[in-house]
1. Residues of segment A:5-23 with the amide nitrogen closer than 18 Å to a label point 7 Å from the Cα of B:Glu83, along Cα-to-Cβ, please.
2. Measure nothing but the geometry: give the 0 to 90° angle between the long axis through the Cα atoms of A:170-179 and the longest principal axis through the Cα atoms of chain A, rounded to 10°.
3. Using Cβ contacts closer than 10 Å as the measure, can you line up B:Phe35, A:Phe231 from fewest to most?
4. Search the structure for amide H atoms under 5 Å from the amide H of A:Asp12, placed 1.01 Å from N in the peptide plane, and list their residues when 5 or more places away or on another chain.
5. Rounding to the nearest 20 debye, state how big the charge dipole of the protein assembly as shown is about its Cα centre with +1 on each Lys and Arg Cβ and -1 on each Asp and Glu Cβ.
6. Please identify which residues in segment B:65-81 have an amide N closer than 18 Å to a label point set 7 Å out from the Cα of B:Asp101, following the Cα→Cβ vector.
7. Given a Förster distance of 41 angstrom, what is the FRET efficiency for A:Asp267 paired with A:Met103, based on the Cβ-Cβ distance and rounded to 0.05?
8. Whole angstrom only: what separates the Cα centroid of segment A:270-317 from the Cα centroid of segment B:60-80?
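Laboratory data are not the source of any read-out in this text; all were calculated from the coordinates shown. Keep in mind that this is a model prediction, so the values were computed, not measured. Backbone-built Cβ (ideal geometry, glycine too); neighbour counts: all protein chains shown.
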Amino acid sequence: MSSVAEKVIAGDIRAVARLIRDIDDGMPEVREILKELYPSTGKAYVIGITGAPGVGKSTLVDQMLNHIRKDDKTVGVLAVDPTSPFSGGAILGDRVRMQRHSMDEGVFIRSMATRGHFGGLTQSTRSAIDVLDAMGKDYIIVETVGVGQDEVDVVKSAHTTVIVVIPGMGDDIQAIKAGILETGDIFLINKADREGSDKTMSDLRLMIDMDKKKYEGGKWKPPILKVQAVFDAGVMEFLEEIEKHRQYLIETSDGLQFRRKRNRVQDELTEMVKNRLIEEVLENLTETGEFDRAVDSIVEGKLDPYSACDNLVLPALGVSSGGPVKGSEVL
Amino acid sequence: MGNKRHIRVMVAKPGLDGHDRGARIIARAYRDAGFEVVYSGLHQTPEEIVEAAIQEDVDMIGLSSLAGAHNYLFPRTVELLREKGVDDIVVCGGGIIPDEDILALKEVGIKEIFTPGTTLDEVVKWVEENVKPR
Ligand SMILES: Nc1nc2c(ncn2[C@@H]2O[C@H](COP(=O)(O)OP(=O)(O)OP(=O)(O)O)[C@@H](O)[C@H]2O)c(=O)[nH]1
Ligand SMILES: [Mg+2]
């Protein structure tokens, strides 16, 4: 085993931090290390928390950390914030709310930016989860801003997916319905100290109940809880719901191997293969200039895009095309 | 297609004074320059800052201080990094810091000190030239 993998498994903070950096930066050499770590994963319980900007996700995570640590369980946190589309930079500010845990050896907090490279976020977050899992964290909490599909996909790979809303988010709740309502295992109405939480509760209830069929026959029915993260009100009850959901998963789906359920593995592997193909094939074609030459040919009307695609992809995969390869002379 | 190193910087505000306007402004300037900025908040001890910087695997720590405690807080941060065997995180400071202190701070390993006269562009340029993303 490589020394990096050994250090990660031994819980070496520095090694873990640097490996996550390499994952985030898309360094190809991390693959070998992740292979070595994989047998040591599958033990952590992964909680995904998503919701609109400013609904109180980080404040909630901070309180969760406090309670979970009282039980002497260890926690890894991945806090994902959006990359600025203008500069490619990001301000990662979730840590501010979790400051009081920074000297606690049982807590590892890492901020990540969405970056926006193709398929990158889901892939790199999953790998980072594996690293924290391999280092022995009992719980892993992933916080994302629930805006893009990527961010939603990230929390979907958790055992328990939590969706946070605040009172008076009428239209936003409609927006949730379109995308992530189905993925929520627990709904939280945070800032319940504010006006309108009853209305939000009944709106949400209505929407979840519209999907009633899904919850028949003993299936998990997502609870909706009112919390006040900043005052630590309702957070204990929330953690109890997570525990109930965990029990439910254990009873119904081969326990914590839930993340390795067949359809999940299928989805994740499909995605991984896609990303890898793009990385290997497209990147190479871009580097050699073949891609740009094909674009030129299409622009100049010398070649149709279908043939261009054949010309680019088939040789790269070592497949010979059935018919004559059209327009190959221009490439 | 993510194999590209990004500069990661932590902006920290040690000490007791309660203003982080300066820190927030510099954080935004770094973001606009394309850096990933971990903002860690007010009232941090050097111990907390160093621990966070290691977990976040940043290339640089930018310390901001108005309260005049920089003569203890800045060197302590450098010292803690050394104790932990971390030799590749650049430490810089900013704030209202007298010239005679600047020399002493640089001597103990603070790479650069930015005073209120330094423009944001100058700060960003300095980072781009002196901090390599791993
Ligand atoms: N009134 C009230 N404010 C709260 C509550 N929980 C959190 N807040 C405040 O909401 C603000 C945003 O909290 P964060 O925890 O940073 O929210 P977030 O969802 O993590 O924000 P982003 O990561 O920026 O999307 C802070 O000022 C909190 O103090 C609550 O229960 N009631
Ligand atoms: Mg947050």
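1. Within reach of a label on B:Glu83, which here means backbone N under 18 Å from a point 7 Å along Cα→Cβ, segment A:5-23 contributes A:13-14.
2. 50
3. Ascending number of Cβ neighbours within 10 Å: A:Phe231, B:Phe35.
4. none
5. So the magnitude is around 1080 debye.
6. Residues passing the 18 Å test: B:65-79.
7. It comes to 0.60.
8. 51
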